[in-house]
Amino acid sequence: MNSDITRFISTATENELREELVRYASLFEINEVLSSTLDYEEVLKLVLQEMRSLSGAEIASIFLINKKEKVLEFAATTDPQAELLKDIRIPLGKGISGYVAETGKYVNQGDIQSDSRFYKEVDITRGGKTHSYLCVPLKLRGEIKGTVQLMNKEGSMPFSEADVRLMLNFSSQAAMAIETALLHKAAILKKEFERDVHLAADIQKQALPCEMPTIAGYSIYGHTEPAQDVGGDYFQFITHVDRAGENKIDIIVADVAGKGIPASLIVSNFHAALQLLSPLYATLGELAFQLNNFMRKNLILGTFVTAFIARLDASSGRMHYVGCGHNPPFLFRKKDQKIEAEQLQQSGTAFGFRYDIEYRVHRIDLNAGDTLVIYSDGVTEAMDPSNIQYESERLVRLISRAITEYKGENPTAEYIRRLREDVEHFRKGADVNDDLTVVCLQRN
């Protein structure tokens, strides 16, 4: 039993014991009130109301510990100047409430202005003056969660020892109610977050091809796997007629720096810009120039987008492309019954670093049997449990072997399937560290 309570019981008169019993009986009734809701804001309100009622304080306030930053942060108050107090942060160990939060000991002062530890910033901020002051810790299972400050007992009296005993006992009930409400709030926020993630995933899927295009004389396939529910990788096919009346198909693979929801938002932005700008510019150099300026204007400083954009004239096999800071794709060709891999060239930096970058346009001619593999760094930088990367050499060997072995229909889908399986096997259960995207094109 608490030593203060033991001492009180051994010295109290019959009337004092009777009054104490009435006070403690009220705690049981209050517990039912606190258990009536799981709403966090409502629980804080009830705790403050009951503390004021039990102690006769003019003002009651709650500050909770921010463990990461080691400060007490404002949570709630009955003070009419609450808006002025919400930004107050008290370092642990500083001021009376900081002392209580750090040590778990209560402080009861009849003339708080004479206590050098008093954090006068609160009085200055709220424009009032504190006289009597009682600060008790909010403890739950021995852990200090925050503090309760009671100010200015009615009748200009100091808080009594009976007030202290009652508040110390009530504070454990309050801490339990607040912790339960916080857990309930966190569960609701988690559910809402998961709903938002699913919504973001649905939106991102709409930015990806709903089906693979059909191109006479070619096999084409693409696949993306986010490391989280949503990701920053992107691929798309855009079919259009150029100014000369020729049918062209643009093949785009992009990778946003980062993962998760922030990256997926940038992907959506990039997709919208691409859909808007792609039909407007006759050359990929112009398109890349405008895409870069658009992304530079709309990206947060420090983020960027790598991209590989190719424009295929399917009838001739001629392909122009720009590599904008993206992993250079591999072109696989059969020569003397062997598969040789050629890495394509870069054209300039990733989108978003600076304005008005000129991108050099390169050209290749696809012959029968040629295979182009475009990929994101989620393939080559996939790691095994020892943090060894998959790397491009392994990709080249895998695709070369697949081209040699596979003679069935839809070869590009089969090549990508084998590559995904090989990357997964290579990981050996290690966490997925980045989004993975592959697009494969083969001329028959």
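Coordinate-derived values only; no laboratory data. Computed from a prediction, not measured in an experiment: that's the story for all the values here. FYI the Cβ positions are ideal-geometry reconstructions off the backbone, even for glycines, and counts take in every protein chain you see.
Spatially, segment 124-173 and segment 335-360 are offset by 68 Å when compared through their Cα centroids. Each residue of segment 132-148 was assigned a 3J(HN,Hα) from its phi angle through the Karplus expression (A = 6.51, B = -1.76, C = 1.60, θ = phi - 60°), giving 7, 8, 10, 10, 10, x, 8, 10, 9, 6, x, 9, 7, 9, x, 9, 10 Hz with x at Gly and Pro.
Dipole magnitude for the chain: about 900 debye, using +1 per Lys or Arg Cβ and -1 per Asp or Glu Cβ, origin at the Cα centre.
Estimated purely from DSSP H runs of n ≥ 4, each contributing -39500 (n - 2.57), the mean residue ellipticity at 222 nm for the chain is -13500 deg cm²/dmol once divided by its residues.
Using 0.36 nm per residue and subtracting the Cα-Cα separation, the extra length available between Lys297 and Asp229 on full extension is 21.8 nm.
Taking the centroid of alpha carbons for each part, segment 404-436 and segment 226-276 are 22 Å apart. Packing here is the average count of other Cβ atoms within 10 Å per residue, and on that basis the peptides 322-334, 65-77, highest first, run 322-334, 65-77. Excluding same-chain neighbours fewer than eight residues apart, the lysines reachable from Lys338 by a Cα-Cα span under 28 Å are Lys407. Note on Lys94/Lys67: beta-carbon distance plugged into 1/(1 + (r/R0)^6) with R0 of 25 Å gives a FRET efficiency of 0.95.
Once both labels are positioned 7 Å from their Cα atoms along Cα-to-Cβ, the gap between Ala244 and Arg363 label points is 0.9 nm.
Just so you know, the Rg over Rh for segment 185-305 is 1.04, from Cα atoms, with Rh as the Kirkwood radius. For segment 56-212, the Cα gyration tensor yields ellipsoid semi-axes of 41, 17, 14 Å (square root of five times each eigenvalue, largest first, whole Å). Packing here is the average count of other Cβ atoms within 10 Å per residue, and on that basis the peptides 43-56, 356-369, highest first, run 43-56, 356-369. Note: segment 200-443, Cα convex hull, 120 Å³ per residue. Taking the inverse of the mean reciprocal distance over all distinct Cα pairs, the Kirkwood hydrodynamic radius of the chain comes to 27.1 Å. Only helices reaching 20 angstrom along their own axis (Cα) with mean Kyte-Doolittle hydropathy no lower than -0.5 count here, and for the DSSP H runs of the chain these are 14-34, 40-55, 161-206, 260-277, 284-298, 391-405.
List the residues of segment 210-246 whose backbone N lies under 18 Å from a point placed 7 Å from the Cα of Ala282 along the Cα-to-Cβ direction. The answer is 240-246.
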